Amino acid sequence: MAQRIAVVSGGMGGIGEAICIKLADAGHKVVTTYSPGNTRSGEWLAGMKSKGYTFYAYQVDVTDFDSCQKAVAEIQSEVGPIDILVNNAGITKDASFRKMGKTDWDAVMRTNLDSVFNMAKPICDGMAERGWGRVINISSVNGQKGAFGQTNYSAAKAGMHGFTKALALEYARKNVTVNTVSPGYIATKMVLAVPKEVLESKILPQIPLGRLGKPEEVGALVAFLCSEDAGYFTGANLAMNGGQHMY
Ligand code: CAA
Ligand code: NAP
C-alpha cells in the first residue's frame, strides 16, 4: 500500500482527530491544521504522540485564502506533495432565521464553504500533475435535509456538495476523486452545544438507530474513501446518519 501525505483541516477537533488517527492507521503521513484561536495544539500533539501517533501541525485560518496558501506552501516544502485533502474544519452558529444576524451567516459560510475553495485551490493542481488525488469534503445530514435553526449551516453544507460534484467532473480525467461525506449527529462538542432538552426531545427521537454517531465511524469511512479500493467513487455524497435521513 502506498504511503500518501494527507492534510486534514481542523484535525484537532472531535471528528478531525478520528480522521487523522484512521488515516495514520492506514499508513499515511498526516498533517493537521489548527485555528489561530487554538491554545492546545502542543498538548494535543503530545497526547497523540503518547498514543503512538506523530502528526505534523500547521496553523491555518481556513476562512482566509492567504493563510491557506501560505500553510500549503510550507507543508509541501517541509512535508512533501499533498495527495489527500480532507476539508473538515467547520462551525455552527445556530439561530432561527427570524433571529439570525448577518455576522452569523457570514461566519458559517466562510468557515464551512469558502474554506473548501481556500484549501483546495493551492492543492488540486499538484494532485492532477502527479495523477493521483483524493479530496473529501465533510458536509452534514443537515445540508441534505435542512435543520431548524440552521439556514446558514444547511446552505453552506449543501453548497459543499455542489462544489464536490463540479470539482469531481473537472479533475476525474487526472485521477483525482472528490467526494462528500455527510455525517448525522456525531458525539463531539459541536453536538453537545445543542441545548440538552432540544437534543433529547427533538433530535434523538428522529434517529432510528437511537444513538449519536461516533467520530471513529466517520474516520473509518474517510480512510476508506482515501484508499485504492475506493478509486471508483467520485462526485458521491456518502450519508452516515443512523437512518435519520434516507434518500
Ligand atoms: N422544530 C420545530 N420547532 C422548533 C424547533 C424544531 N427543531 N426548534 C425550535 N422550535 C420552535 C420552538 O418550539 C418555538 O416555538 P413557539 O414560538 O411556538 O414556542 C420556536 O421555534 C422558538 O423559536 P426561537 O426563534 O425563539 O428559537 P430559540 O431561540 O428558542 O432557538 C434553536 C432555536 C437555535 C434552533 C434551538 O432550538 C437549537 O439550538 N436547536 C438545535 C439546532 C440543531 O439541530 N443544531 C445542530 C447542531 S450540531 C450540527 O450541526 C452537526 C451536524 O452537522 C449534524
Ligand atoms: P469540532 O470538534 O468543533 O471541530 C471543528 C474543527 O474546525 C476544530 O478543530 C477547529 O479547529 C476547526 N476550525 C473552526 N474554525 C476554523 C478556522 N477559522 N480555521 C481553521 N480551523 C477552524 O467539531 P466536529 O464535530 O469535529 O466537526 C468537524 C466537521 O464535521 C465540521 O465541518 C462539522 O460541520 C462536520 N459535522 C459535524 C457533525 C457532528 O455531529 N459533530 C455532523 C456532521 C458534520 P481548532 O480546534 O484548531 O480551533
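Points to keep in mind about this one:
- Segment 39-65 - residue that is in a helix (DSSP H, G or I) and under 24 Å from residue 83 (Cβ atoms) and, of those, most open to solvent (accessible area, probe 1.4 Å): 49
- Scanning segment 214-241 for residues that are of a type outside the set (A, V, I, L, M), open to solvent by less than 50 Å² (accessible area, probe 1.4 Å) and in contact with a helix residue (DSSP H, G or I) (Cβ under 9 Å, 6 or more places away or on another chain) yields 215, 219, 226, 235, 237, 241.
- When segment 43-66 is filtered for residues that are under 23 Å from residue 160 (Cβ atoms) and touching a residue at least 40 places away in the same chain (Cβ under 8 Å), the ones remaining, listed by number, are 60, 62, 63, 64, 65.
- Filter result (farther than 26 Å from residue 10 by Cα and open to solvent by 70 Å² or more (accessible area, probe 1.4 Å)) within segment 198-213: 200, 202, 205, 206, 208, 209
- Meets criteria (in contact (Cβ under 8 Å) with a residue 12 or more places away in the chain, near ligand 1 (Cβ under 10 Å from one of its atoms), out of contact with any helix residue (DSSP H, G or I) (no Cβ under 7 Å at 6 or more places or on another chain) and not acidic (Asp, Glu)) for residue 148: yes
- Every pair of residues 6+ apart whose Cβ atoms lie under 6 Å, when the first sits in segment 173-196 and is within 28 Å of residue 125 (Cα to Cα) while the second is in a helix (DSSP H, G or I) and more than 15 Å from ligand 2 (Cβ to nearest atom): 174/128; 176/127; 176/128; 178/167; 178/168
- Scope segment 1-16; condition buried (at least 24 other Cβ atoms within 10 Å of the Cβ) and either aromatic (Phe, Trp, Tyr) or more than 16 Å from ligand 1 (Cβ to nearest atom) (or both); matching residues: 6, 7, 8, 11
- Checked against the criterion of being within 12 Å of ligand 1 (Cβ to nearest atom), open to solvent by 30 Å² or more (accessible area, probe 1.4 Å) and more than 23 Å from residue 108 (Cα to Cα), segment 174-197 has at least one qualifying residue.
- Restricting attention to segment 19-38 and to residues that are under 26 Å from residue 193 (Cβ atoms) and open to solvent by 10 Å² or more (accessible area, probe 1.4 Å), the residue that is farthest from ligand 1 (Cβ to nearest atom) turns out to be 36.
- Answer residue from segment 155-173, given it is under 15 Å from the mean Cα position of the chain (by Cα) and aliphatic (A, V, I, L, M) and is surrounded by the most Cβ atoms within 10 Å (Cβ to Cβ) among those: 156
- Every residue from segment 66-95 that is surrounded by fewer than 17 Cβ atoms within 10 Å (Cβ to Cβ), farther than 21 Å from residue 171 by Cα and not small (Gly, Ala, Ser): 66, 70, 74, 78, 79
- In segment 194-210, the residues that are more than 12 Å from ligand 2 (Cβ to nearest atom) and not β-branched (Val, Ile, Thr): 195, 196, 197, 200, 201, 202, 204, 205, 206, 208, 209, 210
- The set of residues in segment 42-66 that are under 18 Å from the mean Cα position of the chain (by Cα) and not β-branched (Val, Ile, Thr) comprises 55, 56, 57, 58, 59, 61, 64, 65.
The values are calculated or read from the model by the stated rules, or taken from the named source; none is laboratory data. What you see is a predicted model; the values in this text were computed from it and never measured. Ideal geometry is used to build each Cβ from the backbone, glycine not excepted, and the neighbour counts take in all protein chains shown. Just the protein is used for accessible areas: all its heavy atoms, side chains included, with ligands, DNA and RNA removed. Shrake-Rupley method; radii C 1.70, N 1.55, O 1.52, S 1.80 Å.
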